[in-house]
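Engineer: After the structure tokens below, expect a handful of questions from me.
Derivation of every value follows stated rules applied to the coordinates shown; laboratory data play no part. What you see is a predicted model; the values in this text were computed from it and never measured. Counting neighbours? That spans all protein chains shown, and the Cβs are built from the backbone with ideal geometry, glycine included.
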Amino acid sequence: MRDYFVADDKILPISQVPAALLELAKNSRMDIDELLRGTGIFLSDLTRRDHNISCAQLKHLIGNLGKQERQPELALRFGRQLPYINNSILLQAISNAASIRDLLEILRTYCRLYYPMCYLHLVSDSKNHYLIVNDAIGCPQQQPFLFQSFISSLITLLKASDIDSNQLAFLLEHSQPLDTAPLHTYLGSRIVYNAPVTAVIIPDTISQKTLTNASEFIKRQALTQCQQLLRKIPGRQGFIENLQRLLLRRALREDITLQRCSDLYGVSPATFKRRLKAHHTSFQQELDYARKLLALSSLVIWQMNNEETAHYLRINDSANFRRSFKRWTGFLPSALKQQLLSLKPSSPLNTDDAITPP
Amino acid sequence: MNSPMKNHVSLHFSKIVLLVGTCAAVLAGNMLLGEAKAWREITWIDIFGEGSTMGLMLMFLAFVLSSRPRGRVTNYLAFGLIGFSAATFQDVIDEIFILEPGLIFGDLVESVTAPIAVVILAYGLYLWNQEQVAINQRLQSKERFYREHSALDYVTDLYTALYMQKQVEREIVHYRNTQQPFSLLMLDISNFNSFNRHFGDQDGDRLLTQVAHMLTLNIRSVDLACRYAGDRFIVLFPQTHMIDARIYAEEILNALKNMAFKPENAARSVFIECNISLVDHSDGDHAQRLLGTLTQRLETDKFHKRTQATKTAA
């Protein structure tokens, strides 16, 4: 049995994310019939016990929400509810995290139970922790909604632990929207648009903060139950997440090709290509994304220079690497380093610290 | 969930019956008193041309009925349009039926009804104008010079940040030309997140609506209040120096402090506290920068308050 789920697998309990999303849309005076059109979800499904829908259906629903354009801050509002609509055992573990670093680690490990459409990477250097938000199932159109709602949910969790979101910085892949008010209100002013990845930057000073009223015992009990739950549910990772993890493991050791990858999945290259297409991506796009993450971590976290990074990524010379990096991120390595250096986390007292988009 | 449009149509069932009845009577009159033309004698181009006019009238009628509640203005508009539709319908079917010579039925329906209908419609439009003037007065403090329904916030019925941004740009140009000062106020509700967690999002939305009402009640008719996003509001004070804006801000804060909000499922009223920040024309030369400074000052104010609270607690 495969340990990942594809877009058409019915793995999302309708009573969680979809129901909460529809409830919010209803309260926002949206036309529910219009929202459900073409999704294969019926209003009567909402009252059925143990009814699941697929990620493709949820994607369609989010797409319909985008068409209504009634509410630019809907994703951010939804994110505020997200921690409380999912698995209650996981919320118990999160509420009993010993520190913010611990909380982030729990989210990273159990993101499948928290928000199955996303998966997280957590990397750290001496000053900051970088929580990178990724698409687990391949939905480029719906990514801004998914990522913004996830980030808003993280802020809600951090605010509950008395952390001010103005001490964090945010990298968003999309360009600056016409109306920046919702993002600035929910996320604060430290936002970089057109960034190479979607990430939350948490300064080390915050992440070490010990959380009050946390019980290690309750957390461990809750995490054991979460582990048992993860073993029971079908598909522990989204297909794109699974592929990315494989590419990240292999890309540094071998020149991985579509043929090799399809062999590893035990399907023909044509079937593999079809499956990627069904997830709105291609092998080259996924390989580029994995190499972009590796390049970013080597440049930003390990402070390698261009030659070292090129060698690390098995690229012939630094000129080739610079070209590839520009293609992946839209920036030259030096420009990106410069941009990230400007993100010195600080208190909101420094008024000249607003980040201008590149 | 029914959309408001469907609800409005259902309010006007009798008018739809009147329209169908009138058209049926015109058709029956022509069938009884006249004779159908031979297929070849029908001028299709005339039917198409006159039919389009009727189609357009029906479309106007549909817009009126689907968007307006019952009332005197709606009645005049609807009766005018129904009369005109009946006249154009007669115009269409006299291309199909030939009435016996000497009968005035056709002329009566076409040439007498049409001018009467236009007079009724014109009076309806005059009343509509009066009504709009009355509504504009009620929209004072929520709208300035420009109407754009797509920029309305669905929770508070105030305009959104984008609308305010345009108004601030306009005010900056005005300041450059006439040196008329202006100030901006940003306001947010303290601990709105925990309020939402405690009482739910629906009560959160009701609270925002009440704050919006209080804001519009406590500003001058020349001022403009908009919802920024989340729990943040923004007020534009035209022709106002910072020193006066500060006094207005204090008055707004006082009013909000005394507002007793009654959540659905709580026995006691809830009182809120707000944070504010102010900027004036001297703080930036474009709207984005002014709004950025305003947000930054609000964050700073909140940061100070939090630090103060922590120190007091310690």
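Engineer: Can you give me the long-range amide H partners of A:Ala136? Hydrogens built in the peptide plane at 1.01 Å from N, cutoff under 5 Å, separation of 5 or more residues or another chain.
Structural biologist: Here the answer is A:Cys118, A:Tyr119, since their amide H atoms fall under 5 Å of that of A:Ala136.
Engineer: Determine the distance separating the Cα centre of segment B:28-57 from the Cα centre of segment A:101-127; give it in Å without decimals.
Structural biologist: 72
Engineer: Here's a follow-up. In units of 2.2 N^0.38 Å, what is the alpha-carbon radius of gyration of chain B?
Structural biologist: On the way: Rg = 29.0 Å, N = 314, 2.2 N^0.38 = 19.6 Å.
Output field value: 1.48.
Engineer: I'd like the distance separating the alpha-carbon centroids of segment A:32-86 and segment A:239-288, in whole Å.
Structural biologist: 29
Engineer: A further question on this structure: Over segment B:76-221, what portion of Cα pair distances is larger than 19 Å, expressed as a whole percent? Walk me through the numbers on the way to the answer.
Structural biologist: Numbers: 7556 of 10585 pairs.
Beyond 19 Å sits 71 percent of the P(r) for segment B:76-221.
Engineer: Further, regarding this structure: Tell me, what is the Rg over Rh of segment B:1-88, with Rh the Kirkwood radius over Cα pairs? Working shown, then result.
Structural biologist: Numbers: Rg = 15.8 Å, Rh = 14.6 Å.
Using only Cα positions, Rg/Rh for segment B:1-88 is 1.08.
Engineer: What's the local net charge at A:Asn87, with K and R +1, D and E -1, over the other residues with C-beta under 13 Å away?
Structural biologist: Working: positive: A:Arg112, A:Lys232; negative: none.
With Lys, Arg at +1 and Asp, Glu at -1, the neighbours total +2.
Engineer: Here's a follow-up. What ranking of A:Trp302, B:Trp39, B:Trp128 emerges when the number of other C-beta atoms within 10 Å of each C-beta is taken as an exposure proxy, fewest first? Before the final figure, lay out the partial values.
Structural biologist: Details: A:Trp302 12, B:Trp39 6, B:Trp128 16.
With the sparsest Cβ surroundings first, the list reads B:Trp39, A:Trp302, B:Trp128.
Engineer: How high is the relative contact order of segment B:4-138, given as a whole-number percent (alpha carbon pairs under 8 Å, six or more residues apart)? All intermediate terms of the calculation are to be shown ahead of the outcome.
Structural biologist: On the way: 141 pairs, mean separation 44.8, N = 135.
With pairs under 8 Å counted, the relative contact order is 33 percent.
Engineer: In whole Hz, what ³J(HN,Hα) sequence does segment A:253-266 give by Karplus (6.51, -1.76, 1.60; θ = phi - 60°), x for Gly and Pro?
Structural biologist: 9, 8, 7, 6, 10, 4, 4, 5, 5, 5, 4, 4, 8, x
Engineer: While we're here: With N denoting the number of residues in chain A, provide Rg(C-alpha) divided by 2.2 N^0.38 Å, to two decimal places.
Structural biologist: Details: Rg = 20.4 Å, N = 358, 2.2 N^0.38 = 20.6 Å.
Cα-based Rg divided by the globular estimate yields 0.99.
Engineer: Let me ask something additional. With charges set only on the Cβ (+1 for Lys and Arg, -1 for Asp and Glu), what does the dipole of segment B:78-209 come to about its Cα centre, in debye to the nearest 20?
Structural biologist: Values: 9 positive and 17 negative charges, 201 e Å.
Taking the Cα centre of segment B:78-209 as origin, the dipole is about 960 debye.
Engineer: Let me ask you something else. How many percent of all Cα-Cα pairs in segment A:86-185 sit more than 16 Å apart?
Structural biologist: Percentage above 16 Å: 59.
Engineer: Moving on to the next point. Within 10 Å, count the other beta carbons around each residue, average over each peptide in B:189-197, B:173-181, and list them highest first.
Structural biologist: Working: B:189-197: 16.8, B:173-181: 12.2.
Sorting B:189-197, B:173-181 by mean packing, highest first, produces B:189-197, B:173-181.
Engineer: Still on this structure, I have one more. Please average, across the residues of B:289-296, the number of beta carbons from any other chain that are within 10 Å of each residue's own beta carbon, and give a whole number. Intermediate values should be presented prior to the final figure.
Structural biologist: Details: counts 1, 0, 3, 6, 2, 0, 9, 11.
For peptide B:289-296, the averaged partner shielding equals 4.
Engineer: Hey, what number do you get for the protein assembly as shown at 222 nm if only DSSP H runs of n ≥ 4 count, each worth -39500 (n - 2.57), divided across all residues, to the nearest 500?
Structural biologist: Values: 28 runs with 369 residues, N = 672.
That calculation yields -17500 deg cm²/dmol at 222 nm.
Engineer: Then there is this: Which of the three applies to segment A:238-326, rounded, prolate or oblate, going by the alpha-carbon gyration tensor with a ≥ b ≥ c and a/c under 1.5 meaning rounded? Write out the running numbers ahead of the final one.
Structural biologist: Values: a/c = 2.28, a/b = 2.13, b/c = 1.07.
Note, shape of segment A:238-326 comes out prolate.
Engineer: Could you grab the Rg to Rh ratio for segment B:149-313? Cα atoms only, Kirkwood for Rh.
Structural biologist: Working: Rg = 16.2 Å, Rh = 16.5 Å.
Checking Rg against Rh, the ratio lands at 0.98.
Engineer: Right, another one. Listing B:Arg68, A:Arg77 from the residue with the fewest other Cβ atoms within 10 Å to the one with the most, what is the order? List each step's numbers first, then the result.
Structural biologist: Numbers: B:Arg68 18, A:Arg77 22.
In increasing order of surrounding Cβ atoms, one gets B:Arg68, A:Arg77.
Engineer: In a GNM of chain B with a 10 Å cut-off on Cα contacts, which of B:Ala134, B:Ala212, B:Ala266 has the highest mean-square fluctuation?
Structural biologist: B:Ala266
Engineer: Starting with the fewest neighbours, write out B:Leu27, B:Leu77 ranked by other beta-carbon atoms found within 10 Å of each beta-carbon.
Structural biologist: Details: B:Leu27 15, B:Leu77 24.
So the ranking, lowest neighbour count to highest, is B:Leu27, B:Leu77.
Engineer: Using the basic label-point model (7 angstrom from Cα toward the beta carbon), what is the A:Arg2 to B:Gln180 distance in nanometres?
Structural biologist: 6.6
Engineer: What does the average come to when, for each residue of peptide A:175-181, you count the partner chain Cβ atoms lying within 10 Å of its Cβ?
Structural biologist: 5
Engineer: If you wrap a convex hull around the alpha carbons of the protein assembly as shown, what volume per residue comes out, as a whole number of Å³?
Structural biologist: Values: hull volume 161.1 nm³, N = 672.
Measuring per residue, one finds 240 Å³ for the Cα hull of the protein assembly as shown.
Engineer: How many partner chain Cβ atoms sit within 10 Å of a residue's Cβ in peptide A:164-170, on average, as a whole number?
Structural biologist: Values: counts 4, 1, 6, 1, 0, 0, 0.
Counting other chains' Cβ atoms within 10 Å and averaging over A:164-170 gives 2.
Engineer: Put +1 on the Cβ of each Lys and Arg and -1 on the Cβ of each Asp and Glu in segment B:4-138; which of B:Ser66, B:Trp44, B:Ile82 then has its Cα farthest toward the positive end of the dipole?
Structural biologist: It is B:Ser66.
Engineer: Using alpha-carbon pairs under 8 Å, 6+ residues apart, how would you state the relative contact order of segment A:239-341 in percent? Walk me through the numbers before you get to the answer.
Structural biologist: Working: 68 pairs, mean separation 22.3, N = 103.
RCO, segment A:239-341: 22 percent.
Engineer: Still on this model: Gaussian network model of chain B, Cα springs within a sub-10 Å range: biggest mean-square fluctuation belongs to which of B:Arg227, B:Arg268, B:Arg40?
Structural biologist: Per the Cα network of chain B with a 10 Å cutoff, B:Arg40 tops the list.
Engineer: Subtract the Cα-Cα distance of A:Glu34 and A:Arg314 from 0.36 nm times their separation in residues, and report this length gain in nm to one decimal. Let's see the in-between values first.
Structural biologist: Values: separation 280, 0.36 × 280 = 100.80 nm, distance 5.01 nm.
That works out to 95.8 nm of additional length.
Engineer: Excluding residues on the same chain fewer than 8 positions from A:Lys209, give the lysines whose Cα lies under 24 Å from its Cα.
Structural biologist: Partners found: A:Lys127, A:Lys159, A:Lys219, A:Lys344, B:Lys302, B:Lys305, B:Lys311.
Engineer: Between segment B:278-304 and segment B:167-244, what is the separation of their alpha carbon centroids in Å?
Structural biologist: Each part reduced to its Cα centre gives a spacing of 13 Å.
Engineer: Now, a different point. Classify segment A:124-176 from the C-alpha gyration tensor, please: rounded if a/c falls under 1.5, else prolate or oblate depending on whether a/b exceeds b/c.
Structural biologist: Numbers: a/c = 2.02, a/b = 1.54, b/c = 1.31.
Cα axes put segment A:124-176 in the prolate bin.
Engineer: Can you tell me the convex hull volume per residue for segment A:27-157, based on C-alpha atoms, in Å³ to the nearest whole number? The partial results should precede the final answer.
Structural biologist: Working: hull volume 15.8 nm³, N = 131.
Dividing the Cα hull volume of segment A:27-157 by its residue count gives 121 Å³.
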